[in-house]
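Values quoted throughout were computed directly from the atomic coordinates according to the rules given, and no laboratory measurement underlies them. If you're wondering where the values come from, they're calculated on a predicted model, not measured in any experiment. FYI the Cβ positions are ideal-geometry reconstructions off the backbone, even for glycines, and counts take in every protein chain you see.
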Amino acid sequence: MKPKTFLPHLIAVVVFYLTVLVMFLPQFQGKGLQQGDIVQFRGASRELTEFREATGERTNWTNAMFGGMPTYQIAKVTEGNQLKWAHRAFFGFLGGPAGYVFCGMLTFYLMMILLGVSPWLSLAGAVTVGIATNNIVLYDAGHVSKLGVIMYLPLVAAGVLLAFRRRYLIGGAIFALGMGLAILVNHPQMLYYFGLTLPFLGVAEFIRHLQRGTLGEFAKAMGVLLIGLALAIGAGASNLLTTTEYLPQSMRGGAVLSANSAGGEGGTTNPAGGLDYGYAMQWSNGFKDMLATYAPLAAGGGSGQEIDRDTEFGQAMTRSGFRVPATFPAPLYHGSLPFTEGPIYLGAVAWALFIFGLFTASTTARVWLAGGTLFIFLLSLGSNAGWINRFFFDNLPLLNNFRTPNSALSITTFLMVALGVLGVHRWWRLSGDPSDLPGRQLKRAGLTAAGLGAFVVILGMTLDYSGAQDAAQIARFTGGQGDVNQLVGALEATRADAYFSDAMRSLLFVGLTYGVLYLLWKGTLGFTWAAIGIALLGLVDFVGINGRYLTHDDFQPNRAVANPIQPSPADQQILQDPDPNYRVLNLSRPLDQDAFTSFFHKSLGGYSAVKMRRYQDLIDGYLAPRDMDVINMLNTKYFLVPGEDGQLTAQRNPDAYGNAWLVSDIAFVNGPDAEFAALGTVEDLRNTAIVDESFAPALAALEPTGAGSIELTSYQPNELQYRYSAPAEQLVVFSEIWYGPDLGWEATIDGEPAELIRANYALRALRVPAGDHTITMRFAPRSYALGRTISLICSVLILLGVIGAVVYRYRVAPSRPTA
């Protein structure tokens, strides 16, 4: 590549670095963001982190949450996957929000360059895609894996398009790299949604090749992409194999209990597999939320949207006697979601480009990017378009494993801008058409965009600006003081003002975008300056909205971010206990929304969308109702109890069963329903073990007496050792969560393999002979070792393939594909 040719690419990279430097300057000054989901993640992964720091190794099991669970989806498994080095490069060797935004800009730019688009137009699209408001909201909320996948989608798309344009080698290599990186960052839901758009492209390409009589080329492209997909899946095998093994045991793998069993499905699980429809659809976009993709405050923005004191609501608060600061968070949101951090604003400039692409891009691009976008819009409505989404939920493979359908919109800014950029590129190439086709395309697109903007503005006159929970929210907001009806009226007026202000703002940016395109068509602006103009409009559009949700003032010193939770006096009191494996029940937090306790203790609660199915049943049927026998069998040695002053106190539970105990009786039952029900009917779980009849052969002729002792002598999250002594053969029940059989937990007695069985619905148990013995339980899943090897091989092949394809592309066959 000649230096003159390389210069625009160098300028683009410099622009990307400068953009993130200015946007996230505090990050480069040693500051970070306190993100809700990341705080929960740090609590959930605390034991993993400490184990790695102490041993240099990964533990695939933790006892810090939900009594114990695999760590595969707490912290993704990357061992063996060498694509993590490419991941760092695409992030510009940056961390934090700067790295994610840089990656999004870089991958979109590479996509367009590989498709033959002008560097300056590619730069304009890249900036718009990278700094999209939804990206900022996602990062601020801590949804970083979701954002990571979104940022790699342009690479995946580039590979697919190149393969269908007979650039098989580089297309397959880029596709494998993009898919491999998207799998690496580990948010299957976003990748799945994007995958649902690809059939639109596949059908369009099949028809195109059929009409041209080139189905052989179509088959070659599909073959290359399938090979790339296989390599990408292989590169992620260390995470995918373990996750695939775990999924049937999780709350997304189908119900263990029948629907009418005590505890039932907890309202979360479909008995046939996947999630319950109602639970999965809780975050479904409504009509107002869809309008917010164009006018960001159409639904009120975020649940705690910052507004000015001089708004109607601010003035009403002042009149009611409240001291109101210049800006303050108000319950402005009135959409269909339970709550939200901010709107999925797709951008006025993105909308302008998308509409332009509808009239100017190639047929294949329009079918895919427009059809896919509209399909994703439909999916995001969830239960609010139940007439079709219920069918998709029940019939599309894997869709019933995902919840929060509104998040599907997160991928659409990329799709919309891609269509617009490809449309502008193609339109400009046809600018000399004697039929004046470019002029007619510009006119039609401009009128359509103006019509959409006018419709959104006029629609605001007919909308209801009330929210179902307004009165309750105002009462909470004001502490029950003031005239609620008056404040609700002022709140609705403020929402209406916000709607019209943002609708007019977006219409202005759409008009300015088409103004630039008009000046380009007339020759007043050169192509480079027009591209720069579009880039600046996209930048100003998003920066103006992004500042509502993230500012430099939101950054905190890194030491505060790294240690967001400090131990209370009650925590410190409990931490004096030398026992390495007791559990704590925090009565001040919901059991399934509490990873904070895991910062310092092994908790009965936690925070995970893929917790163990059997443990979720325990929560629903026994732990939430505070059944003390079940709480005691989980070795709950301490309670954290909130006092009247809100401070926690530590209370010791003298009845906890301990790490393990010997029982004197076995109650055999038939099936999981009977196992679960017996937890509530057996009078003394300390002396009686509930065992499913399927394990009866392993306990044949055993007559336990409970005489003897067992003591935990060594603890690591993935290996526990016990000292056992008994005059006769006994059954030992451990306070450890059952995960099996044959899924990684292995038991030995004096080094000889022994068979673990399930007891009390969710615990492990072991038949142990008379005498003095050392019992060891070790977690060594074979899927992890196999996956790590496959990941190493496939990720290296992808990297070698990309290097080879690039060398061939620029050394052997330097011709450039066209969009």
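Put in line by how crowded their Cβ is, counting other Cβ atoms within 10 Å and starting with the fewest, 794, 103 read 794, 103.
The residues neighbouring residue 342, those whose beta-carbon lies less than 12 Å from its own, together hold a net charge of -3 under the Lys/Arg +1, Asp/Glu -1 convention. Helix 144-164 and the longest principal axis of the Cα set of the chain meet at an angle near 50°. Contact order, relative form, for segment 1-154: 25 percent (alpha carbon pairs under 8 Å, 6 or more residues apart, mean separation divided by residue count). With each label modelled as a point 7 angstrom along the Cα→C-beta vector, the residue 652-residue 454 pair spans 7.8 nm. Cα axis of helix 348-360 to longest principal axis of the chain: angle in degrees, 0 to 90, nearest 10? Result, in degrees: 60. State whether segment 72-171 is rounded, prolate or oblate according to the following rule on the C-alpha gyration tensor (a ≥ b ≥ c being the square roots of its eigenvalues): a/c under 1.5 gives rounded; otherwise a/b larger than b/c gives prolate, and the remaining case gives oblate. Here segment 72-171 falls in the oblate category. Ordering 251, 302, 565 by Cα displacement along the dipole of the chain toward the positive end leaves 302 in first place; charges were set at the Cβ atoms of Lys, Arg (+1) and Asp, Glu (-1). Ordering 769, 730, 779 by Cα displacement along the dipole of segment 729-780 toward the positive end leaves 779 in first place; charges were set at the Cβ atoms of Lys, Arg (+1) and Asp, Glu (-1).
Computed over the Cα atoms of the chain, what is the ratio Rg over Rh, Rh following Kirkwood? Mind showing how you got there, number by number?
Details: Rg = 29.4 Å, Rh = 29.2 Å.
Here the Rg-to-Rh quotient is 1.01.
A convex hull fitted to the Cα coordinates of segment 604-689 yields 120 cubic angstrom per residue.
With a simple spin-label model that places each label point 7 Å from the Cα along the Cα-to-Cβ direction, the separation between residue 729 and residue 9 comes to 7.2 nm.
The translational diffusion coefficient of segment 758-812, from Stokes-Einstein at 25 °C and 0.890 mPa s with a Kirkwood hydrodynamic radius over alpha carbon pairs, comes to 150 µm²/s. Among rounded, prolate and oblate, which fits segment 688-746 when a ≥ b ≥ c are the square roots of the eigenvalues of its C-alpha gyration tensor, a/c under 1.5 means rounded, and a/b larger than b/c means prolate? It is oblate, given that a/c is not under 1.5 and a/b is not larger than b/c.
Given an 8 Å cut-off on Cα distances and at least 6 residues of separation, report the relative contact order of the chain as a percent.
Numbers: 1527 pairs, mean separation 143.2, N = 819.
Computed over the chain, the figure is 17 percent.
For residue 166, the shell of other residues with beta-carbons less than 9 Å away shows a net charge of +2, using +1 for Lys and Arg and -1 for Asp and Glu. Dipole size of segment 117-242 about its Cα centre, with +1 on Lys/Arg Cβ and -1 on Asp/Glu Cβ: approximately 380 debye, rounded to the nearest 20. A compact globular protein would have a Cα radius of gyration near 2.2 N^0.38 Å; the ratio found for segment 404-558 is 1.42. Within the shell defined by Cβ-Cβ distances under 10 Å, the residues around residue 494 carry a net charge of -3, with Lys and Arg each +1 and Asp and Glu each -1. Projecting label points 7 angstrom from Cα along Cα→Cβ for residue 573 and residue 244 puts them 5.0 nm apart. Straight-line reach from residue 443: taking Cα to Cα under 27 Å and skipping same-chain neighbours fewer than 8 places apart, the lysines in range are 522. For a modelled paramagnetic label at residue 536, 7 Å from Cα along Cα-to-Cβ, the residues of segment 490-519 in reach, with backbone nitrogen under 12 Å, are 516.
The tail of the calculated P(r) for segment 125-220 beyond 15 Å holds 66 percent of all Cα-Cα pairs. Extension gain for residue 54 to residue 219 (0.36 nm times residue separation, less C-alpha to C-alpha distance): 54.2 nm. Most simply put, segment 565-704 has about 35% antiparallel DSSP beta bridges, counting only bridges with both residues inside it. Phi angles of segment 278-283 translate, via the Karplus equation with coefficients 6.51, -1.76, 1.60 and θ = phi - 60°, into HN-Hα couplings of x, 5, 5, 9, 4, 9 Hz per residue; Gly and Pro are given as x.
For the chain, the longest principal axis of the alpha carbon atoms and the long axis of helix 437-459 meet at an angle near 50°. Applying 0.36 nm per residue to the separation of residue 785 and residue 553 and subtracting their alpha-carbon distance, the gain on full extension is 79.0 nm. Counting neighbouring beta carbons within 10 Å and listing from fewest to most, the residues 522, 288 come out as 522, 288.
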